[in-house]
């Protein structure tokens, strides 16, 4: 195994002093945090979709992840070798990091996997593909839907946006390679929405969004995702020739006038990266906000239906927290969910679906 070419050990003192290793493994940045009071449980973390490469720096962990180390859990996270929809890269590279952790720090007594957004997607994929490795998975704000259907949503949103505001963003079937997520583009779209309140309201209705700010951000972000997928698929994998659009103030006019596109590339890449099977053999707990402007709660509801159909619903539970926003799950709620997952794997106490409420004075189990 190629050793990390950058190795930094720092000592961060908060609730407990933690040893942090920041380095690269086969050229991929990673970060490992092991508290002095390590309980010999490893939490492997998948980060979400990022348009730019993720870098790890010295300093305290994000509050959600430091909630784990404060309770004695070690945390390992890979940056992946590519940014964007890095599903193809993230799973094997994170597994290499897990093996490196075992070699460097010893075999944990227990291992769990978790992640936010695309990281929640990767958590469930990992629990389907590598169930023997982890005792359970905690998927937070994950788009738990097969990638082809999930990304078709982005394409359709861009198509409808172009109907109301033609030429403002690149065509959804051919986004230039230099398109970037930028505040300038978001502000430009915000100005257009403010100047055209009826069109803005129609788009908010179609996208089930509450604010123009969310609408502007989604437009830019989803356009970038389409560019990313076109590069990975070597063309446009989506067609809307058979799509009937609904949810606008005038669906007849929308369908009569919206531009239609043919696909120029196969959906195979997205099928492989990744189409869920629902085949679980170990517990998975998913947590979502009741209002998520980027990943509406109806998306992860698909996975619950899939497990119902396959008869694996005894191993899947979805809970919600009463917040607005994408991944607006607090550190306390995260640890409450993780406590439930640990109790599920250790004592066979399956969490109840529904509202996740933080219990007062509840400490995380160290098994």
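The values are calculated or read from the model by the stated rules, or taken from the named source; none is laboratory data. Fair warning: this is a prediction, and the values are worked out from it, not measured in the lab. With ideal geometry, Cβ positions are generated from the backbone for all residues, glycine too; neighbour counts draw on all protein chains shown.
Things to note:
- Residue in region 345-365 that is on the phi < 0 side of the Ramachandran plot, in contact with a helix residue (DSSP H, G or I) (Cβ under 6 Å, 6 or more places away or on another chain) and not in a loop (DSSP other than H, G, I, E, B) present: no
- Odd one out for residue 292 among (1) exposed (fewer than 14 other Cβ atoms within 10 Å of the Cβ); (2) closer than 30 Å to residue 166 by Cβ: (1)
- Filter result for residue 63 (under 23 Å from residue 272 (Cβ atoms), surrounded by fewer than 20 Cβ atoms within 10 Å (Cβ to Cβ), out of contact with any strand residue (DSSP E or B) (no Cβ under 9 Å at 6 or more places or on another chain) and touching a residue at least 60 places away in the same chain (Cβ under 8 Å)): no
- Single condition residue 208 does not satisfy, out of (1) within 30 Å of residue 90 (Cα to Cα); (2) in contact (Cβ under 8 Å) with a residue 60 or more places away in the chain: (1)
- The condition (being crowded, with 23+ Cβ neighbours inside 10 Å and either without any contact (Cβ under 8 Å) to a residue 12 or more places away in the chain or outside any helix (DSSP H, G or I) (or both)) is satisfied by just one residue among 84, 115, 119: 115.
- Tabulated pairs, region 291-313, first outside the structural domain of residue 279 (by TED's automatic domain parsing) and more than 22 Å from residue 153 (Cα to Cα), second in a loop (DSSP other than H, G, I, E, B) and modelled with pLDDT under 95, C-beta under 7 angstrom, 6+ apart or interchain: none
- Boolean, residue 290 is over 18 Å from residue 173 (Cβ atoms) and out of contact with any strand residue (DSSP E or B) (no Cβ under 7 Å at 6 or more places or on another chain): no
- Residues of region 35-55 satisfying the condition of being over 18 Å from the mean Cα position of the chain (by Cα) and crowded, with 20+ Cβ neighbours inside 10 Å: 35, 38, 41, 42
To keep it simple, each residue is scored yes or no on (1) touching a strand residue (DSSP E or B) at 6+ places or on another chain (Cβ under 8 Å); (2) at pLDDT below 95; (3) under 28 Å from residue 275 (Cβ atoms).
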site	(1), (2), (3)
10	yes, yes, no
29	yes, no, no
54	yes, no, yes
75	yes, no, no
94	yes, no, yes
97	yes, no, yes
